[in-house]
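What follows is a set of notes on a single structure, which appears directly below.
The values are calculated or read from the model by the stated rules, or taken from the named source; none is laboratory data. All of these numbers come straight from a predicted model, not from anything done at the bench. Cβ placement follows ideal geometry from the backbone for every residue including glycine, while neighbour counts extend to all protein chains displayed. Areas reflect the complete protein model, heavy atoms only, side chains present, ligands, DNA and RNA absent. Shrake-Rupley method; radii C 1.70, N 1.55, O 1.52, S 1.80 Å.
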Amino acid sequence: MKYLLSCLIFLCLVGWGPFSFLPSISSNPWIDNEIRLIESHDNNIDTNVLKVGLKAYQTAEQRGLDRKQLLTIIDYSKPSSVKRLWVIDLKHANILFNTWVTHGQNSGETNSDSFSNDTNSLKSSIGVFVTDNAYFSDHVGYALRVTGLERGINDNAYHRGVLIHGAWYASPIKSNGAIGKSWGCMAVNKSISRPLINTIKNNTLVVAYYPDRTWLGTSAFLNSSPA
């Protein structure tokens, strides 16, 4: 036990942990102010994950990819038993939605730890996405298409049919509080799916976070310098 405790202390000291792979995101007044204002409304979102999302949004906005000042963050480092999706109104620094969201059937059980860009993988994808149009799917009803913006990480999402849609299983139904799993879609509870989709449809940013070394270290949205 003493040996295990010593190892854990050592790993903490050398920087091991879920945020040890984060890129060096330079502090800037806009990100710092948004974090302060958002966290005054909601303490359920991790500061480091929020910082990653805001940095990705800032880069995307400079590229003309978002004009609605809305940001959706999914934190796949959290278990599915907790509310790990946030829709943030950046203009007013306000949380519009905070709810449960599924991960793919082959991405893990309660905790997700495996992600893919491959068709038929039944896994979630991480990285930066932009929303497309909403439509009615024969299989899942009212749904929102998303396009992955990161080559090799999630750029196959549109062709894979990765959607945001409502599902009865996207709320705690198991004894451990975990929710059901999708085939890779970002499914939310049917009770809020329509207003959520209508809020973020048509060119708003979605950042699906996981402490993946490759993505965090190479993403052009996270490692670019401010314009």
Item to complete: Return the total of residues in region 192-227 being farther than 20 Å from residue 171 by Cβ, open to solvent by 40 Å² or more (accessible area, probe 1.4 Å) and part of a helix (DSSP H, G or I).
Response: 4
Worksheet item: residue 194: basic (Lys, Arg) and closer than 18 Å to residue 119 by Cβ, yes or no?
Response: no
Worksheet item: List the pairs whose first member sits in region 40-58 and is over 12 Å from residue 84 (Cα atoms), whose second member is open to solvent by less than 10 Å² (accessible area, probe 1.4 Å) and in a helix (DSSP H, G or I), and whose Cβ atoms are under 8 Å apart, counting only residues at least 6 apart or on separate chains?
Response: 51/31; 52/216; 54/31; 55/31; 58/31
Worksheet entry | Criterion violated by residue 166 - all others in (1) at pLDDT 95 or above; (2) over 16 Å from the mean Cα position of the chain (by Cα); (3) open to solvent by 40 Å² or more (accessible area, probe 1.4 Å) satisfied | (3)
Discussion item. So for region 150-161 (the condition being over 28 Å from residue 64 (Cβ atoms) and touching a Phe, Trp or Tyr at 6+ places or on another chain (Cβ under 9 Å)), does at least one residue qualify?
Written reply: no
Discussion item. Return the residues of region 120-132 that are polar (S, T, N, Q) and either under 12 Å from the mean Cα position of the chain (by Cα) or surrounded by fewer than 18 Cβ atoms within 10 Å (Cβ to Cβ) (or both); say none if nothing qualifies.
Written reply: 120, 124, 125
Item to complete: Look at region 177-191 and say how many of its residues are surrounded by fewer than 21 Cβ atoms within 10 Å (Cβ to Cβ) and either part of a strand (DSSP E or B) or not aromatic (Phe, Trp, Tyr) (or both).
Response: 6
Fill in: Residues satisfying the stated conditions in region 155-176, i.e. in a loop (DSSP other than H, G, I, E, B) and in contact with a helix residue (DSSP H, G or I) (Cβ under 9 Å, 6 or more places away or on another chain)
168, 170, 171
Discussion item. Taking the criterion of being at pLDDT 95 or above, charged (D, E, K, R) and within 16 Å of the chain's Cα centre (by Cα), would at least one residue in region 198-208 satisfy it?
Written reply: yes
Worksheet item: What number of residues within region 139-154 satisfy the criterion of being open to solvent by 10 Å² or more (accessible area, probe 1.4 Å), outside any strand (DSSP E or B) and modelled with pLDDT of 95 or more?
Response: 5
